[in-house]
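The values are calculated or read from the model by the stated rules, or taken from the named source; none is laboratory data. On a predicted model such as this, the values are computed, not experimentally measured, just so you know. Here the Cβ is made from the backbone with ideal geometry for all residues, glycine too, and neighbour counts use every protein chain on show. Side chains included, ligands, DNA and RNA excluded: accessible areas come from the protein's heavy atoms. Shrake-Rupley method; radii C 1.70, N 1.55, O 1.52, S 1.80 Å.
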Amino acid sequence: MSSISITNTRDGYGLIAITLHWIVAAAFIVNYALIYWTQWYVEPRTEEYFGLLSTHTAIGVSVVVFVFLRVISRWMQPVPEDAPGTRLEHLGAHAVHILLYIAMFVTPLTGYFGQGGPSQLFFAIEIPSFQNTWLFQTVIDGGLGISWESWEGVMDYIHKTIAPWVVGLLILAHAGAALFHHVVRRDRVLIRMIDPRKSSNSS
């Protein structure tokens, strides 16, 4: 017998963690596909081009909320026990998870921090350009003396050059490890992030 688990257990993830995990994963995949489609196939500086960029930034700032909820969820709930493996495998898995959380914050935030125009949270709530916020004007520009041009250049470099490679490699490592556990080890590492049902089988 099995039942739906809302929160995490020692054997697997609950419905809350699973839902947040796949919302964030889907948002990142869609947003990368959207921006590369825009860059490769859409005529620059057209109405379609700016519309797709607006959608990209709206998804980006919105996903930060779900990443934050995912972190809170992980902090407030028990984390399932590690699957059988070596200490090195466990350390590697934990390191990739930590780096993924950092990347999931840094990638959309640097996109917003370098955005010259306003964005929309959940396509409904307008967020002003970071350039026009108190934080930039008082602390970064007024306090640290960093101009918008210099600040935007750094944020754009992180967001457009570094982040895609880092996120891509981390996703490959994360997904590859999950598939390895599912196909080779034949344990529940992948299944427990798909199926929130409680089970006595913790192998």
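Key figures for this structure:
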item	result
Interatomic Cα distance distribution for region 1-158, bins of 10 angstrom, percent	9, 29, 30, 20, 10, 1, 0
The chain, helix-only ellipticity at 222 nm - DSSP H runs n ≥ 4, -39,500 (n - 2.57), divided by all residues, nearest 500	-19500 deg cm²/dmol
Inter-label distance for L88 and Q39, nm, one decimal - labels placed 7 Å from Cα along Cα-to-Cβ	3.5
Per-residue SASA entry for I35, accessible area with 1.4 Å probe, Å² rounded to 10	30
Unit Cα scatterers, Debye sum, region 66-203: log10 I(q)/I(0) for q = 0.09, 0.11, 0.22 Å⁻¹	-0.42, -0.59, -1.38
Whole-Å semi-axes of the ellipsoid equivalent to region 113-187 (Cα gyration tensor, √5λ, descending)	38, 16, 10
Length-normalised contact order of the chain in % [C-alpha pairs under 8 Å, at least 6 apart]	30
Rg(Cα) / (2.2 N^0.38 Å) computed for region 1-74, rounded to two decimals	1.50
